[in-house]
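Working notes, beginning with the structure itself.
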Amino acid sequence: QVQLVESGGGLAQPGGSLRLSCTASGFTFSNYAMSWYRQTPGKERELVATIISTGGWINYADSVKGRFTISRDIAYNSVYLEMNSLKPEDTAVYLCNARGITIMTRGYDYWGQGTQVTVSS
């Protein structure tokens, strides 16, 4: 059974920090690109950051470059998003995604349930 379980969301003040975690189970972690997306009501889901589980390729949305850091720990089947210098516009539900990147896993796409991040004074 595939599961992606996010944690670490909550309320932060502008300029503050939060660390999101996503723990995966039920699939071979290294065969998937792991991403964080975010969504707010009335807007399209936005890709925030992606990390390839092997090779270390990382990409960020322009809106979070220099403020957010994505990392992964294969030993714990987990991916993290360190968010610093938070802004009110970072307020969203953050979702963890796993997308297959090998011949055998291409086409598989898994989502977590999301964790709410609210940035407000």
- If Val2 satisfies every condition in (1) of a type in the set (A, V, I, L, M, F, W, C); (2) surrounded by 12 or more Cβ atoms within 10 Å (Cβ to Cβ); (3) at pLDDT below 95 but one, which is the exception? (2)
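So if I check each of Arg38, Arg72, Arg67, which one is within 17 Å of Gln116 (Cα to Cα) and touching a residue at least 12 places away in the same chain (Cβ under 8 Å)? Walk me through it before giving the result.
Values: Arg72 fails: within 17 Å of Gln116 (Cα to Cα); Arg67 fails: within 17 Å of Gln116 (Cα to Cα).
None of the other options fit; the residue is Arg38.
Enumerate the strands (runs of 3 or more DSSP E) found wholly within region 1-68, keeping only those where 3 or more residues are among the β-branched types (Val, Ile, Thr).
Details: elements: 3-7, 10-12, 18-25, 32-39, 46-52, 58-60.
By residue number, 46-52.
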- All-but-one check, Leu86 against (1) in a strand (DSSP E or B); (2) modelled with pLDDT of 95 or more, failing number (1)
- Scanning region 110-121 for residues that are assigned to a strand (DSSP E or B) and touching a Phe, Trp or Tyr at 6+ places or on another chain (Cβ under 9 Å), the one surrounded by the fewest Cβ atoms within 10 Å (Cβ to Cβ) turns out to be Gln116
- Query: Can you name the condition, by its number, that Arg38 falls short on among (1) in contact with a helix residue (DSSP H, G or I) (Cβ under 9 Å, 6 or more places away or on another chain); (2) within 19 Å of Gly15 (Cβ to Cβ); (3) open to solvent by 50 Å² or more (accessible area, probe 1.4 Å)?
  - Reply: (3)
- Query: When only residues in region 55-94 that are within 15 Å of Phe29 (Cα to Cα) and of a type in the set (Gly, Ala, Ser) count, which is surrounded by the fewest Cβ atoms within 10 Å (Cβ to Cβ)?
  - Reply: Ala75
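Restricting attention to region 101-115, does a residue exist that is of a type in the set (A, V, I, L, M) and under 10 Å from the mean Cα position of the chain (by Cα)? Give the derivation first.
In the first step, residues of region 101-115 are kept if they are of a type in the set (A, V, I, L, M); the result is 101, 103-104.
Keeping just the survivors that are under 10 Å from the mean Cα position of the chain (by Cα) gives none.
No: zero hits.
When you go through Thr50, Thr105 one by one, which is the residue that is surrounded by 15 or more Cβ atoms within 10 Å (Cβ to Cβ), of a type in the set (S, T, N, Q) and without any contact (Cβ under 8 Å) to a residue 40 or more places away in the chain? If you could, list the steps in order and put the result at the bottom.
Working: Thr105 fails: without any contact (Cβ under 8 Å) to a residue 40 or more places away in the chain.
Thr50 is the lone residue from the list that is surrounded by 15 or more Cβ atoms within 10 Å (Cβ to Cβ), of a type in the set (S, T, N, Q) and without any contact (Cβ under 8 Å) to a residue 40 or more places away in the chain.
The values are calculated or read from the model by the stated rules, or taken from the named source; none is laboratory data. Just so it is clear, the structure is predicted and the values come from calculations on it, not from any experiment. All Cβ positions, even for glycine, are placed from backbone atoms using ideal geometry, and neighbour counts span all protein chains on display. Heavy atoms of the whole protein, side chains included, go into the accessibility calculation; ligands, DNA and RNA do not. Shrake-Rupley method; radii C 1.70, N 1.55, O 1.52, S 1.80 Å.
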